[in-house]
Amino acid sequence: MNTTPLTEADVPRDVPEPLGAYVAVRIVDKQGTVSGQFPLQAGRMRHPGVVGAGVDLDAAREAATVAALNVLGQIRRRLGSLDGVQLMHVDGLVAAVPGFGELPRVLDAASETFVAILGERGRHSRALVPVGSLPGNACLELVVSFVHAGP
C-alpha cells in the first residue's frame, strides 16, 4: 500500500462515466450529491470481489481510497475546482462476508483520503452498509453529499 501522503494532484482528471441513466454529480443551489463511485482506475475495477472472502482489509482500504479519489474527481470535473467544496455525508456500501468486523476500517481509508486532500472541509458524517454484492463485482461504493461556496 502506498504510504505517500495524498494531495490534490492525486485526484484523477479521467473519472468514470455513469454506468446507467443518471448523472455523476447533481447540484441544486449550493448542495450536491455524487452518485455511487466505485474503485475504478484506468477503466479497471480495483480489488473486485467480497471483503473477507478474496479481498483482504488492505486491498479493501486501497479500493476505498481509489473510490474516494473518484468522488473528488467527479466534483472537480463538475465544478472545475475543489475550492469551496465541503463534504457533508458519506454512505459507504461494502460487499462483505457476514461477520467481517473490520468494515469501519475499510471506510476510514476513504474518510482519511477526503481529509488529506480537503483538510477540515473533508470531514463528514458517515454511514456504512454491508451488502452481499455490488455492480461490476466492486468491493465497495461511495455516495457523497457536499456543499460548495461557489456560484
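The values are calculated or read from the model by the stated rules, or taken from the named source; none is laboratory data. Values in this document were obtained by computation on a predicted structure and should not be read as measured data. Cβ sites come from the backbone with ideal geometry, for glycine too, and all protein chains shown count toward neighbours.
Annotations for the structure displayed:
- Across segment 115-151, the qualifying residues are those that are out of contact with any helix residue (DSSP H, G or I) (no Cβ under 6 Å at 6 or more places or on another chain) and β-branched (Val, Ile, Thr), and the one among them that is farthest from ILE75 (Cα to Cα) is VAL131.
- Within segment 65-74, not a single residue is modelled with pLDDT of 95 or more and assigned to a strand (DSSP E or B).
- Among the residues listed as VAL23, VAL15, the single one being assigned to a loop (DSSP other than H, G, I, E, B), at pLDDT 95 or above and in contact with a Ser or Thr (Cβ under 8 Å, 6 or more places away or on another chain): VAL23
- Among the conditions (1) surrounded by fewer than 22 Cβ atoms within 10 Å (Cβ to Cβ); (2) under 23 Å from THR7 (Cβ atoms), the only one that ASP91 does not satisfy is (2).
- Candidate set: segment 6-52, residues that are surrounded by fewer than 17 Cβ atoms within 10 Å (Cβ to Cβ), of a type outside the set (A, V, I, L, M, F, W, C) and over 17 Å from the mean Cα position of the chain (by Cα); chosen: the one farthest from HIS124 (Cα to Cα): GLY20
- Pairs, first more than 10 Å from ARG77 (Cβ to Cβ) in segment 4-24, second aliphatic (A, V, I, L, M) and part of a loop (DSSP other than H, G, I, E, B), C-beta under 6 Å, six or more apart: PRO18/ALA24
- Within segment 89-99, none of the residues are part of a helix (DSSP H, G or I) and either within 19 Å of VAL11 (Cβ to Cβ) or touching a strand residue (DSSP E or B) at 6+ places or on another chain (Cβ under 8 Å) (or both).
- Test: residue in segment 140-149 that is among the acidic types (Asp, Glu), exposed (fewer than 14 other Cβ atoms within 10 Å of the Cβ) and touching a residue at least 24 places away in the same chain (Cβ under 8 Å): no
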